[in-house]
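Comments concern the structure below.
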Amino acid sequence: MTQPSLELEVLIIGFGFSSVPLIRELERTGTDFRVVSAGELSVWDRLEERGRLDFDLVSSYLTSFYSFDLVQDFETDFYPTAQQFFAMHKRWREQHRRHLIRDEVLRIDNFETHSLVHTASGQLLRARNVVVATGYQRKVLSHLLDTDYSVTGQTILFDMIGDSVNLMISKLIAGGNRIIIRCGGFNPRDKVVPIGDRAFTLDQLEYHNLRYVSHELYSSFYEASFTPDNPALLGSQFPAIVRDNRKAGAAASPHSGSVAIKYWPVDAYSASFGHRLEEAIEEGYLLNDIALWIHTGRVVVVPRETPVDLEARVVHHDGLEIPFDHRFSGDAEQPRLPPILIDGTTPYTYRYRDNFMGVLPKDLQRIQGPAAHPLSRAHPALHRRPGQHRRDAEPAGAQADRQRGVPAAHHRQSGGADRRLQPPLLR
């Protein structure tokens with residue numbers, strides 16, 4: 001049998017953003033570790049390569065950047081641009097590059113007490129614990145990378161919904177394109193919330209903060225029922241956007257499959273960027289007011305069950321046949337795992353339900369992954385007794401990041417904006 005060229009306590013596969021908190025903790029504790037990666041292949045690297053870091057995040061600075069990065073010069077919360085966010089990735093990547101083994105992982109042979117990692121260069125790495133930090137892949141990424149946003153006057157069908165879809169819509173709307181969204185409903189959320197004379201980023205009012213007030217408070221209004229009593233409510237005028245939670249298998253809220261869309265309301269966008277509009281758009285701050293698009297008919301939302309003739313490119317809705325020119329469909333995220341053999345013989349198949357929190361597999365020994373957001377002190381959970389069930393080990397540490405986020409410092413610095421007094425952005 002080939003002898004290992006290197007024996008380690010911890011081997012991290014993947015050198016993306018999610019590896020940074022764990023690397024810092026392993027350094028702090030003096031743990032023997034290395035990171036193996038074939039190259040800069042993260043989602044953010046590919047977006048930069050294609051020139052597509054042209055948006056702002058849907059999560060604020062406070063919840064997108066790591067705590068150890070925030071403490072350097074944090075003054076006020078805001079929504080960072082994709083370029084600001086990725087610059088932080090690259091800064092920490094350079095700082096920890098000394099731990100990197102530049103190689104491609106071909107296979108992992110997993111045993112009870114260790115794993116053998118085979119690489120393209122012929123190296124055999126033996127590690128007591130392996131962290132697969134290669135993240136997930138989804139079809140929508142290829143849409144973000146490859147879509148031609150210069151098209152005009154087209155009808156475009158989205159068989160999916162989410163913040164990435166809303167980003168695409170915000171670019172396609174500018175070309176006078178008509179959008180049809182076929183989905184099971186979603187929850188529109190203003191990114192900036194005025195309360196009194198202050199304006200808050202939405203993240204500050206979400207569960208991770210409101211739980212200190214009440215565990216039930218957030219769920220009580222997160223999926224609150226829309227009623228016709230107030231015609232201003234989007235769900236009252238356009239019921240197709242309201243998710244039917246009667247189909248949910250569990251009573252807990254928010255329900256599985258719930259989708260929240262964070263967007264810039266046109267008045268808040270005008271207050272923040274109206275005085276420097278071209279510069280803001282160049283930076284990546286785009287008007288993505290999905291509620292406005294629906295109200296003005298630029299976007300039409302139809303139920304997921306709406307019949308679609310893919311061959312004829314026609315949507316059958318409300319007695320009408322609506323032709324469309326392009327269609328975008330989504331899928332469930334899949335882990336980017338290298339081949340893994342249990343006991344060096346049995347191929348491992350990833351199933352989300354067989355992994356605690358999606359990342360701690362019950363069928364593998366001393367392997368954590370696929371990691372999209374590893375915990376900054378997760379590695380003690382890897383040191384479990386042989387045969388101990390993964391679910392017995394609780395990962396310690398704080399949440400690392402919320403991948404994807406965007407700014408509201410302007411509101412905080414100005415003491416908040418009165419939405420009723422702001423001039424409209426669109427004349």
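Gyration tensor over the Cα atoms of the stretch 130-214: the corresponding equivalent ellipsoid has semi-axes (square roots of 5 times the eigenvalues, largest first) of 30, 22, 12 Å.
How would the stretch 264-321 be classified by its alpha-carbon gyration tensor: rounded, prolate or oblate, with rounded meaning a/c under 1.5 and the a/b versus b/c comparison settling the rest? Walk me through the intermediate numbers first.
Working: a/c = 4.39, a/b = 2.70, b/c = 1.62.
Here the stretch 264-321 falls in the prolate category.
The string of couplings for the stretch 8-16 from the Karplus curve (6.51, -1.76, 1.60, θ = phi - 60°) is 9, 6, 9, 10, 9, 9, x, 10, x Hz, one whole number per residue in order, with x for Gly and Pro. Residues whose amide H falls under 5 Å from that of residue 317, counting only those 5 or more places apart or on a different chain, are 322, with hydrogens built in the peptide plane. Per the Debye formula on identical point scatterers at the alpha carbon atoms of the stretch 113-153, with no solvent, log10 I(q)/I(0) at q = 0.16, 0.30 Å⁻¹ is -0.65, -1.04.
In the stretch 1-112, one over the average inverse separation of all distinct C-alpha pairs is 16.0 Å, which is the Kirkwood hydrodynamic radius. Remark on residue 199: its backbone amide H falls under 5 Å from those of 416, 417, a criterion applied only to residues 5 or more positions apart or on other chains, H modelled at 1.01 Å from N. Does the stretch 82-191 come out rounded, prolate or oblate, given a ≥ b ≥ c as the square roots of the eigenvalues of its C-alpha gyration tensor, rounded meaning a/c under 1.5 and, failing that, prolate meaning a/b above b/c? Here the stretch 82-191 falls in the prolate category. Taking amide H atoms as placed 1.01 Å from N in the peptide plane, the amide H of residue 8 lies under 5 Å from those of 126, 127, 128, each 5 or more residues away in sequence or on another chain.
Bear in mind that the values in this text are calculations on the coordinates, not laboratory data. Just so we're clear, the structure is a prediction, and the values are computed from it rather than from any experiment.
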